[in-house]
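The values are calculated or read from the model by the stated rules, or taken from the named source; none is laboratory data. It should be emphasised that the depicted structure is a prediction, and the values quoted were computed from it without experimental measurement. Methodologically, a virtual Cβ is constructed for each residue, glycine included, from the backbone with ideal geometry; neighbour enumeration extends over all protein chains shown. We work out accessible area using only protein heavy atoms, side chains counted, and drop any ligands, DNA or RNA first. Shrake-Rupley method; radii C 1.70, N 1.55, O 1.52, S 1.80 Å.
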Amino acid sequence: MKVAIIGAGPRGLWAAEELFERARQRGARIDLTVFNDGPLGSASATGAFQPAGPGQWLLNVPATAIESRLGSFNAWRGANDSFPPRREVGEFLAASWRALENNTPRGCAVTFREVEVRDLDAHGAGFEVDGTVFDEVLVCTGHAPAAPVDGAIPAYPHHNLDAISPADTVLVRGAALTFIDVTRYAPAKAFYPVSRSG
């Protein structure tokens, strides 16, 4: 069976680990292709766990909640602080993907493609992704990028925020993690969050 997972962040990793565990238990043959638009574990090149993310962009759940088949995040990194930089989680996810690749069940294979998937098309009983037809596709891309707004700058990647000066007042689309990230990085004099629902 040919399976595609689109997105190599935490949910994509969890899905791949579960899929291969079931294949191991049942003797199934799975040819898995993982698509990601950035390095493994980053969720995307500009996503929540980007390797080049600033150190002040912290994890928003306790570190004890993060684990993979590789083990716990805290044991892997040898530390116990509750809210470390998210880029460290990206490194853990990448190591977890490598562990999955190195422990692929007999009769199974895994391939990684660093490609941004823009189209998913029905093709007979399957789906075509990036020129290849798969029996099943799982989309694990996290938050969709916000539609561009005239005059707005995307919060990610972080270097976009270098355009903000200490004299600026900033309206942030996103009242949760995006807002926290912007306020922890940009030097503006005032920030106003706006939730996705308005």
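Taking Lys and Arg as +1 and Asp and Glu as -1, the other residues whose beta-carbon sits under 12 Å from that of residue 91 total +3. Full extension of the chain segment joining residue 197 with residue 103 gains 29.5 nm, where the gain is 0.36 nm per residue of separation less the Cα-Cα distance. Taking amide H positions as modeled 1.01 Å from N, with prolines and chain starts lacking one, the residues under 5 Å from residue 34 and 5 or more places away or on another chain are 5, 111, 112, 113.
222 nm [θ] for the chain, helices only, -39500 (n - 2.57) per DSSP H run of 4+, per residue, to 500? Estimated from H runs of four or more residues: -7500 deg cm²/dmol.
Set against the 2.2 N^0.38 Å expectation for a compact globular protein, the chain has a Cα radius of gyration ratio of 1.15.
Take the Cα of residue 83, go 7 Å toward its beta carbon, and the backbone nitrogen atoms of the range 49-72 under 11 Å from that spot belong to 57-63.
Accessible area per residue for the chain, computed on protein heavy atoms with a 1.4 Å probe, is 57 Å². Largest GNM mean-square fluctuation among 27, 12, 78, using the chain with Cα springs under 10 Å: 78. Angle between the Cα long axis of helix 86-102 and the longest principal axis of the chain, 0 to 90 degrees, nearest 10? So the helix axis and the longest Cα principal axis differ by about 10 degrees. Near residue 192, within a Cβ-to-Cβ distance under 12 Å, what is the net charge of the other residues, with Lys and Arg +1 and Asp and Glu -1? After counting each charged neighbour, the total is +1. Near the amide H of residue 130, under 5 Å away, which other amide H atoms are found, from residues 5 or more places off or on another chain, if H is placed in the peptide plane? The answer is 119.
Computed from point charges on the beta carbon alone (+1 for Lys and Arg, -1 for Asp and Glu), the dipole magnitude for the chain about its Cα centre is near 480 Debye.
Using θ = phi - 60° in the Karplus curve 6.51 cos²θ - 1.76 cosθ + 1.60, the 3J(HN,Hα) couplings for the range 166-176 round to x, 8, 7, 10, 10, 9, 10, 7, x, 10, 10 Hz; x is entered for Gly and Pro.
Surface composition of the chain: carbon plus sulfur atoms contribute 52% of the solvent-accessible area (1.4 Å probe, protein chains only, all chains present). Sites count as exposed loop sites when they are trypsin sites (Lys or Arg not before Pro), lie in a DSSP loop, and have at most 16 other Cβ atoms within 10 angstrom; the longest stretch of the chain without one is 119-188. Amide H to amide H, with H built 1.01 Å from N, residue 191 comes under 5 Å of 170, counting only residues 5 or more places away or on other chains.
Computed extension length for residue 132-residue 18: 38.8 nm, one decimal, from 0.36 nm per residue of separation with the Cα-Cα distance subtracted.
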